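Please treat every number below as a calculation from the coordinates, not as lab data. Treat the numbers as computed from the prediction; the structure is a model and nothing was measured. Neighbour counts run over all protein chains shown; Cβ positions are idealised from the backbone, glycine included.
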Amino acid sequence: MGKHTPIYNDHVAMGAKMVDFSGWEMPIHYGSQVDEHHQVRKDVGMFDVSHMTVVDLQGDDCRPFLQYLLANNIDRLKDAGKALYTCMLNESGGVIDDLIVYYMSDNWFRLVVNAATREKDVAWIKKQAAKFSVQVTEQEDLAMIAVQGPNACDKLCAILDEDSCAVIRDLAPFYAVESGDLFIGHTGYTGEDGFELILPSDQASGFWQKLHQQGVPPIGLGARDTLRLEAGMNLYGTDMDEDTTPLESGLGWTVAWEPKDRDFIGRAALERQREASPERKLVGLVLAGRGVLRNHQKVVVSGVGEGEITSGSFSPTLGKAIAFARVPVGIESDCSVDVRGKLLPAKVVKAPFVRNGKSCLPEMV
């Protein structure tokens, strides 16, 4: 039997279809995945993301340690509460995980890492921290709820006290703040406005029920996946892993090359790849006609070579099949996808596909 989050019984009571996700029993949907997708795009929904891992770093060497551990430059975090998206790499430049790091004080940084990589992430962080004055604490007594959608702030304010409401209304995107027992980040994985709240596990079910009573419906992992794909957000284990680098995964923007003397793990390998020019890159695809794009379908680039879809799905917002694909760098604007033995034409586009509920596709697509 898989592991359960503190909200597991609430999912079952709400009629969720539960599936295994990285060893956790999680809700894939509560009826209609497409309806849940539209609910978040147009209004608001809530996600149980308590399977993700909160790791706190404390000590005098937090900043130099993170400068070494992460590909992005932690010195960009100057204001308390500021967050940074980054990759954590191995010596070969492969992606061990992608994560968000919050700067709360010079002696306290908070990391949120993926459920599928929980054990290896914590082991890696502790191993690398051994030569620094840093305490690594996995916060197993915390839960995490994401409230996402254009009306997320108003719905949250309906259950928060006046002071907390004032805080989140003034909270800039990609910042976090503590408010009582709540750690509130103005972050998300849907391409909509929203918040991710970290709270004590014994308060999670009650908080979930209060949101539901205010008209915030639960949303499953199925809609979470189509929402993040439309928003142009990578998924670890499909769009990147330890065998692919950020330069091959559309994440070159998360690698901070300056200052030149910052020696982060994987830097030497990335520099060699950059100098030689990567042979592959991650692009967005839109199927020109009818059909469905799925993970691992072959992408054919005429006269150039072949690639593979890493994440593919039907886009409820666009009414089209969309995908990420890792392809030869020589690709231009057109390719074909092998769908059940037929080569169907597709257009290469720049992600995101959707932002704030609106199409980002060029008119010709």
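Worth pointing out:
- Long-range HN-HN contacts of ALA321 with modeled amide H, under 5 Å: LEU287, SER315
- q = 0.14, 0.22 Å⁻¹: log10 I(q)/I(0) that the Debye formula gives for the stretch 1-145, counting C-alpha atoms only: -0.76, -1.30
- Net charge dipole size for the chain [Lys, Arg +1 and Asp, Glu -1 on Cβ; Debye, nearest 20]: 1220 debye
- In this structure the amide hydrogen of GLY220, modeled in the peptide plane, comes within under 5 Å of the amide hydrogens of TYR30, none closer than 5 places in sequence on its chain.
- For the stretch 244-270 and the stretch 74-122, distance of Cα centres in Å: 14 Å
- Axial C-alpha extent at least 27 Å, average Kyte-Doolittle at least 0.0 - helices from the chain (DSSP): none
- Across LYS42/LYS78; LYS17/LYS210; LYS17/LYS358; LYS320/LYS350, pairs whose alpha-carbon gap is larger than 24 Å: LYS42/LYS78; LYS17/LYS358
- Size of the stretch 213-255 from its Cα atoms: along the principal axes, largest to smallest, the extents are 44, 18, 15 Å.
- Free-standing Cys, the chain [no other Cys Cβ under 4.7 Å]: CYS62, CYS87, CYS153, CYS335, CYS360
- Note on LYS358/HIS212: beta-carbon distance plugged into 1/(1 + (r/R0)^6) with R0 of 22 Å gives a FRET efficiency of 0.20.
- Calculated FRET efficiency for the pair ASP43/ARG340, C-beta based, R₀ 51 Å, to 0.05: 0.90
- Only DSSP H runs of four or more residues enter the estimate; each adds -39500 (n - 2.57), and after division by the residues of the chain the mean residue ellipticity at 222 nm equals -6500 deg cm²/dmol.
- Taking amide H positions as modeled 1.01 Å from N, with prolines and chain starts lacking one, the residues under 5 Å from SER179 and 5 or more places away or on another chain are ILE184.
- The value of relative contact order for the stretch 1-278, using C-alpha pairs under 8 Å at least six residues apart, is 26 percent.
- The stretch 279-365: C-alpha pair distances exceeding 23 Å, %: 14 percent
- Farthest towards the positive end of the charge dipole of the chain, among the residues GLN139, ALA346, GLY188, is the Cα of ALA346, using unit charges on the Cβ of Lys, Arg, Asp and Glu.
- Farthest positive-ward along the stretch 163-304 dipole, Cα basis, beta-carbon charges - from VAL300, GLN203, ALA172: VAL300
- FRET E, pair SER92, GLU140, Förster distance 35 Å, beta-carbon r, rounded to 0.05: 0.70
- The stretch 270-336 - charge dipole about Cα centre, Lys and Arg +1 at Cβ, Asp and Glu -1, debye rounded to 20: 260 debye
- Coarse-grained scattering of the stretch 249-327 at q = 0.14 Å⁻¹, given as base-10 log I(q)/I(0) from a Debye sum over alpha-carbon atoms: -0.61
- Our compactness index for the chain, the C-alpha radius of gyration over the empirical 2.2 N^0.38 Å, is 1.00.
- Ordering ILE184, ILE168 from the fewest to the most neighbouring beta carbons within 10 Å gives ILE168, ILE184.
- Residues VAL354, VAL112, VAL301, arranged from fewest to most other Cβ atoms within 10 angstrom of their Cβ, appear as VAL301, VAL112, VAL354.
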